[in-house]
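Right, one structure below, let's go through it.
The values are calculated or read from the model by the stated rules, or taken from the named source; none is laboratory data. From a predicted model like this one, the values you see are computed outputs, not experimental measurements. Cβ placement follows ideal geometry from the backbone for every residue including glycine, while neighbour counts extend to all protein chains displayed. Each accessible area value is taken on the protein alone, full model and side chains, heavy atoms only, with ligands, DNA and RNA left out. Shrake-Rupley method; radii C 1.70, N 1.55, O 1.52, S 1.80 Å.
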Amino acid sequence: TGYQRRVHGALESFPLVLILRNKLKYALTYKETMQILKQRLLKVDGRVRTDPKYPAGFMDVITIERTKDKFRLLYDTKGRFVLHKIQSREVKYKLCKVKKVAMAAKSVPYVSTHDGRTIRYQKSGTKRHDSLIVDLRTGKIAGRVEMKVGVLVMCTGGSNTGRVGVLMKREKHKGSFDIAHVKDAAGHKFATRLENVFVVGRGAGKPLIDLPKLRGIRLNIADDRKKKIAKQLRSKRGKSAKKQREERKNQKGSKRGSKKATKSTKTPAKPAKPAKKAPAKPAKPAKKAPAKPAKPAKPAAKVSKAKPKAKPAKAKK
C-alpha cells in the first residue's frame with residue numbers, strides 16, 4: 001500500500017474514493033473526490049487522510065466534520081461493506097483483534113492487531129484472537145475482551161461473513177484449523193474457522209459497538225424474498241401518494257393563479273346564456289262544482305204614493 005505500517009489487506013479494505021463517490025454520493029467523479037480530500041475534510045480513526053486510495057477496513061471510524069457524519073465500517077449479513085452510522089460516544093474508540101503477541105528488544109512485550117497497529121507494553125495475559133478496546137485519541141489500550149465460550153462474535157471471513165452470534169464451542173485440531181461453533185439470536189447454528197471470528201461483545205445482548213441492520217441475523221431465501229416484495233409495495237404506495245400530493249398542489253396553484261389573473265385583468269364577464277324554457281304542459285280542465293238551487297226571491301215592499309205638498313203663496317207687495 002505504500003504506507004509505513006501495513007493497514008488492511010487489499011481484499012479486506014475499501015478505498016476512500018469508493019466511500020465518497022459510490023457509497024455516500026458526495027462526488028460524481030474521481031476528480032471531485034480528490035477536491036474533497038485535499039480540503040482535509042475526511043478523517044479515518046481520528047486522523048486526516050488525503051489519499052483517495054487509502055484502504056479503510058473493518059472497524060475503522062470515518063468522520064466528516066463539515067457534514068457531521070460519523071460511520072463505522074462493518075459487514076452486512078451478505079458479506080458486503082456497510083457504512084453504519086454511530087453516535088458521538090462511539091467515535092472515541094474502536095475494537096482491534098490481536099494477531100500476534102511477541103517480545104521486542106530489551107524484553108518489551110508488544111501486540112500486533114488486524115489493522116496494522118503495534119502496541120507496546122500491553123497487559124499481561126493478552127492472547128491471540130482477543131479483542132482490544134483502543135482509545136483513538138491516545139492510541140492506548142482501554143480494555144480487553146478475552147476469546148472464550150459465551151462471548152459475542154462477528155464473522156469477518158468465509159461464507160458466513162457478517163453474521164453475529166454467541167460462541168458456543170471451540171474445537172482444536174492439531175496440524176489444521178481450529179473451528180468455532182456459533183449460534184445467532186434467531187437460534188441458527190453455523191461453524192467457521194477461528195481465524196474468521198472477531199469478538200465484539202462480552203456476552204449475548206452485550207455488544208461493545210452498535211450493530212448494523214438485522215443485528216447480524218441472516219434471512220433465508222424465502223424470508224429475504226418476502227422482505228424485498230414488501231419493500232417494493234411500500235415504495236409504490238409512497239410514489240402514488242407523492243403523485244397525489246403533487247397533483248393537489250398543482251390544482252391549488254392553478255386556482256390561485258386564475259383568481260389573481262381575473263382580479264388583475266378585470267375581463268368583462270361573458271353574457272349568460274338564456275336558459276332553455278321547457279315546453280308548457282297543457283292545463284288540465286278545472287272540475288265544475290254542481291250549481292246550487294237558487295233561493296226564492298222575497299216579496300217587494302208596498303210603496304205608498306204621497307200627495308205633493310202645496311207651495312206657500314208669495315206675499316203681494
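Scanning for something within 25 Å of the chain's Cα centre (by Cα), open to solvent by 20 Å² or more (accessible area, probe 1.4 Å) and of a type outside the set (S, T, N, Q), does the range 30-38 turn up at least one residue?
Filtering the range 30-38 down to residues within 25 Å of the chain's Cα centre (by Cα) leaves none.
So far as the range 30-38 goes, no, none of its residues is within 25 Å of the chain's Cα centre (by Cα), open to solvent by 20 Å² or more (accessible area, probe 1.4 Å) and of a type outside the set (S, T, N, Q).
With respect to K94, determine if the residue is in a strand (DSSP E or B), at pLDDT 90 or above and surrounded by fewer than 18 Cβ atoms within 10 Å (Cβ to Cβ).
On the way: in a strand (DSSP E or B): yes; at pLDDT 90 or above: yes; surrounded by fewer than 18 Cβ atoms within 10 Å (Cβ to Cβ): no.
Answer is no for this residue.
Is it fair to say R89 is basic (K, R), assigned to a helix (DSSP H, G or I) and farther than 30 Å from D224 by Cα?
On the way: basic (K, R): yes; assigned to a helix (DSSP H, G or I): yes; farther than 30 Å from D224 by Cα: yes.
Spelling it out, R89 is indeed basic (K, R), assigned to a helix (DSSP H, G or I) and farther than 30 Å from D224 by Cα.
Among the candidates D76, D51, D135, single out the residue that is surrounded by fewer than 19 Cβ atoms within 10 Å (Cβ to Cβ), acidic (D, E) and in contact with a Gly (Cβ under 7 Å, 6 or more places away or on another chain). Lay out the reasoning, then the answer.
Values: D51 fails: in contact with a Gly (Cβ under 7 Å, 6 or more places away or on another chain); D135 fails: in contact with a Gly (Cβ under 7 Å, 6 or more places away or on another chain).
Sole residue among the options that is surrounded by fewer than 19 Cβ atoms within 10 Å (Cβ to Cβ), acidic (D, E) and in contact with a Gly (Cβ under 7 Å, 6 or more places away or on another chain): D76.
Applying the selection to the range 88-112, what residues are within 35 Å of the chain's Cα centre (by Cα) and of a type in the set (S, T, Y)? First the steps, then the outcome.
Restricting attention to the range 88-112, the residues satisfying the condition of being within 35 Å of the chain's Cα centre (by Cα) are 88-97.
Selection gives S88, Y93.
Scan the range 97-127 for residues that are over 18 Å from G9 (Cβ atoms), open to solvent by less than 40 Å² (accessible area, probe 1.4 Å) and not small (G, A, S) and jot them down.
Passing the criteria: V108, P109, V111, I119, Q122, T126.
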